[in-house]
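Asks: Structure provided below as C-alpha cells; questions to follow.
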Amino acid sequence: MRATVIQLEAGAVKADNIAALRHLIEAAITADHPDLISLPEMWSCLGGDRAQKLVESEPLPPQEPGEAYAFMRETARQHGVLLHGGSIGERVGDMLYNTSLLFAPDGTELARYRKIHLFDITTPSGAGYRESVLFGAGSEVVVAEFGGIGFGLSICYDVRFPELYLALRRRGAEVIFVPAAFTAETGRDHWEVLLRARAIETQCWVIAAATTGTHHDASAKPRATWGHSIIVDPWGHLAAALGEAPGFATATLDLAHAGRVRQAMPVLQHRRLA
C-alpha cells in the first residue's frame, strides 16, 4: 500500500483550504499514485474566533453534510483511494468537535473519531492554548477495518498519551493516523520523537500529516505550526518526511513488516502493568 501525507498551510476560510488541498492531492495522485491519502488536523478552519469556526464547521451524516465532507467523499470516490480526512470542525447544535473521518475508495464513510485529549497548555514562551474553550472532548477509541487492515484514529495532542495508542493496538490497529496542527515551539523538540515512540511502542505504521505556516487565532495573535509531516515504520524509522513547505510525501507501507516486528519482539504479550 502506497500512502501519502498532505501538508497544508491552512487558514480560517474553508473554501480556500479546499482549493489548496485539491491542488496538492491532484499533484500527489499524478506523481506518486497512492492508495491512501492523509490530510492534516483542522484543515477546514485553522485560526479565527469561535464565530468563524462555527461558520466553517459542519454537521455530519445522518444530517445533510457540508462542503468539506462532500469534498473528502468525492475525492476518495473520484481517485479510488482510501482517504483519511485529517480532521474538520464538526457542529452539533452550538457544540463543536475536532473530528476525524476515514473514507473508503467508493466514498463510503468507514469511521469517525472525536479528539479525546484537548490542547489546554502553556508553552515555555508563555503562549497559552485552550482548545476546550472551543471544542468538546470525544470519548471513543476508534479502529476501522478495511481490506483486512486495522486503521487507528487519533489527533495531534493525543500523541502525548501512550495509553490511547496501546488501546488502538489492542483493538487491532496496524496503521495509526496522527493528523496535527502542532505548534512550532513544541514541534521543534517533541514532534518527531513522540511519533517515533508511538510507532515503536505499538509496532504500527504511524501516518502524521500536519499543517504548516502561520495563522491567526481569535485574538489576532500569529500562531506558527511546525509542519514536518512524516510516515514512521513499526521499527521507528522514517519512511517519508517533509520540511516546512506545503507539499506531499509518499511511502510504501510494507504491512507484513509490522507482523515481523511483533513476532520478533512480542511486547504486547510481555506487558505486566497495563
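Throughout, read-outs are computed from the coordinates displayed, never taken from laboratory work. Computed from a predicted model, the values in this text were never measured in an experiment. All Cβ positions, glycine included, derive from the backbone under ideal geometry; neighbour counts span all protein chains shown.
Asks: Place a +1 charge on the Cβ of each Lys and Arg in segment 137-209 and a -1 charge on the Cβ of each Asp and Glu, then give the dipole magnitude about the Cα centre in debye, rounded to the nearest 20.
Replies: The calculation lands at about 100 debye.
Asks: Next up: Over the Cα atoms, compute the radius of gyration (one decimal) and Dmax (the largest Cα-Cα distance, rounded to a whole number) for segment 170-274, in Å.
Replies: Every Cα atom of segment 170-274 included, Rg and Dmax give 15.8, 52 Å.
Asks: Out of SER100, ALA144, THR212, whose Cα points farthest toward the positive end of the dipole of segment 89-234 (charges: +1 Lys, Arg; -1 Asp, Glu; placed on Cβ)?
Replies: THR212
Asks: Here's something else I'd like to know. Could you give the dipole magnitude of the chain about its Cα centre, charging the beta-carbon of Lys and Arg +1 and that of Asp and Glu -1, in debye to the nearest 20? Provide the component values of the computation, followed by the final result.
Replies: Details: 25 positive and 31 negative charges, 158 e Å.
Rounded to the nearest 20 debye, it is 760 debye.
Asks: Can you compute the helix-only [θ] at 222 nm over the chain? Use -39500 (n - 2.57) per DSSP H run of at least 4 residues, normalise by all residues, nearest 500 deg cm²/dmol.
Replies: Numbers: 7 runs with 81 residues, N = 274.
Calculated mean residue ellipticity at 222 nm is -9000 deg cm²/dmol.
Asks: Taking the C-alpha atoms of the chain, how large are the radius of gyration and the largest Cα-Cα span, Dmax, in Å?
Replies: Here Rg and the maximum Cα pair distance are 17.3, 52 Å.
Asks: Using the per-residue mean of other Cβ atoms lying within 10 Å as a proxy for protection, in what order, highest first, do the peptides 5-12, 244-251, 265-272 fall? Working shown, then result.
Replies: Values: 5-12: 24.6, 244-251: 18.2, 265-272: 10.0.
The most tightly packed comes first, giving 5-12, 244-251, 265-272.
Asks: Under a straight-distance cross-link criterion of Cα-Cα below 19 Å, which lysines are reachable from LYS14, leaving out those fewer than 8 residues away in the same chain?
Replies: Counting by Cα, and skipping residues close in sequence, LYS14 has these lysines nearby: LYS53.
Asks: Could you estimate the translational diffusion coefficient of segment 26-152 from the Stokes-Einstein equation, with Rh from the Kirkwood formula over C-alpha pairs, at 37 °C and 0.692 mPa s, in whole µm²/s?
Replies: Values: Rh = 15.6 Å.
Using the Kirkwood radius from Cα pairs, D works out to 210 µm²/s.
Asks: With +1 on each Lys and Arg Cβ and -1 on each Asp and Glu Cβ, and nothing else charged, work out how big the dipole of segment 158-274 is about its Cα centre, in Debye to the nearest 20. Can you show the working numbers first?
Replies: Numbers: 13 positive and 11 negative charges, 94 e Å.
The calculated dipole for segment 158-274 is roughly 460 debye.
Asks: Relative contact order of segment 79-218, please, whole-number percent, based on alpha carbon pairs below 8 angstrom and at least 6 residues apart.
Replies: Numbers: 253 pairs, mean separation 24.5, N = 140.
Over segment 79-218, the number comes to 17 percent.
Asks: With springs only between Cα atoms under 10 Å, which of TYR165, TYR157, TYR129 fluctuates most in a Gaussian network model of the chain?
Replies: The residue that fluctuates most here is TYR129.
Asks: Fewest to most neighbouring Cβ within 10 Å: what's the order for THR211, THR183? Don't skip to the end; give the middle numbers.
Replies: Details: THR211 29, THR183 21.
Going from least to most buried by this count: THR183, THR211.
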